[in-house]
1. Are there any strands (runs of 3 or more DSSP E) wholly within the stretch 285-371 with 3 or more residues that are closer than 22 Å to R273 by Cα and within 20 Å of the chain's Cα centre (by Cα), and if so which?
2. Can you name the residue in the stretch 235-248 that is touching a helix residue (DSSP H, G or I) at 6+ places or on another chain (Cβ under 6 Å) and touching a residue at least 12 places away in the same chain (Cβ under 8 Å) and is also surrounded by the fewest Cβ atoms within 10 Å (Cβ to Cβ) among such residues?
3. Only one of V267, V208, V204, V228 is under 20 Å from the mean Cα position of the chain (by Cα), under 18 Å from R185 (Cα atoms) and of a type in the set (A, V, I, L, M, F, W, C); which?
4. Only one of G119, G84, G112, G106 is more than 25 Å from G376 (Cα to Cα), in contact (Cβ under 8 Å) with a residue 12 or more places away in the chain and not β-branched (V, I, T). Can you tell me which?
5. Could you say whether any residue in the stretch 324-343 is at pLDDT 95 or above and exposed (fewer than 15 other Cβ atoms within 10 Å of the Cβ)?
6. Taking the stretch 163-191, which residues are in a loop (DSSP other than H, G, I, E, B) and crowded, with 17+ Cβ neighbours inside 10 Å?
7. Restricting attention to the stretch 16-29, which residues are in contact with a Phe, Trp or Tyr (Cβ under 9 Å, 6 or more places away or on another chain) and either over 15 Å from A44 (Cα atoms) or among the acidic types (D, E) (or both)?
8. So, in the stretch 160-219, of the ones that are of a type in the set (F, W, Y) and within 14 Å of the ligand (Cβ to nearest atom), which residue ends up modelled with the highest pLDDT?
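The values are calculated or read from the model by the stated rules, or taken from the named source; none is laboratory data. Predicted, not measured: the structure shown is a model, and the values here were computed from it. Reconstructed Cβ throughout: ideal geometry from the backbone, glycine too, with neighbour counts over all protein chains shown.
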Amino acid sequence: MKDKIAQSFENLFGKKPILAFAPGRINLIGEHTDYQDGLVFPAAVAQGIWVAIQKNDLTTSRIFSEDFREEFVFDINSFSPKKGHWANYTMGMVSQFQQAGYKLEGFDLVFGGNIPASGLSSSAALSVAVGTALSALFGLEISKKSIVLYAQKSEHLFAGVKCGIMDPYASAFGKENHALILDCRTNQHKEVAVNFGPHSLLLVNSKVKHNLADSAYNKRRESCEESVKILQSVYPDATTLRDIPAKDLEKVKDILPAALFPKAKHVITEIERVNLASKALHEGDLTAFGDLLKDSHKSLSKDFEVSCAELDFLAVQSWKSAEVLGSRMMGGGFGGCTINLISNENLESFQTEMRTAYQEKFGIEADFISVALSEGARILG
Ligand code: GLA
């Protein structure tokens, strides 16, 4: 893929580019907690987005999507978001750099990737890859942390999704054979060596992506913010649901309206589950870890209501197999993938059975994606 993107750039623009790469991410556990200052447990994967870039001595930028085989040109001193367009992720990053005071000149850019499913955060990978490429091209030496914050802001302003920090953070800071316990309050992480022994992580791609995903995501975030406002009458120092201890759930139930409580409960208990999952991994208790994945799914589906029939089916079907330690929907929800922890011996039979069951139920052929925990964003030599 790297050579393909470099070659495509040379064919289009007749010069040698600088190349950057940023990976997609998985998340072991800790879903819909990042925008409430919570804990998450993501990791970068080997698949990602490659960006080839070079200056062009113009004030316009020409960007080319290898996947769509389509070019987009914009004036770097005058541009605005274009609803639903892939160019937003580049323009959004340019805008963030400019707002931070960096003077950019025109550039040419080609990008493409091999992220095989939705829910692995290709948008964050693209934003982080563009940020990494721009920083190198103009010799700006911008820190990874700043690139992550720009990527998050860019997604808010140019794609209209009020996402948390998890996806660009994992894409930037991923480490081989490690997952990251990220505290989204301090934006600090701890690298945790991950070794599942005779078990492997396997993603099942539902191949559905429901349209309401982005607006529903923003709504979930708003409902958490609304809960916090109400809870402040009793917890005056609380700024997010992170400040509400899990042991106080009963009290919280009495304070919040019935429509809000389950959403708040999900976030509060999910943060607790990240702590427990980290402990279980540390102690090598994969059964306990797997059970937490299951609890996470139930909470995301029943309380937070971000699952869908297809994801529920895939998760519940997995729970029935003795060889699966845990399974849950992963990422924002309403489609995308489930993440499963499966014994290596049964990887083949699991796929055969799941393929048949899912096909029979929904008429869709599921994809299976193995993941290797990998390094974060970088400039390629
Ligand atoms: C999306 C968002 C993240 C996070 C997850 C859910 O991937 O981009 O910030 O909120 O959903 O955990």
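1. Passing ranges, in order: 324-329, 335-343.
2. A246
3. The match here is V267.
4. G106
5. No, because not a single residue in the stretch 324-343 is at pLDDT 95 or above and exposed (fewer than 15 other Cβ atoms within 10 Å of the Cβ).
6. C163, G164, I165, G174, K175, C184
7. K16, P17, L19, A20
8. Out of the qualifying residues, it is Y169.
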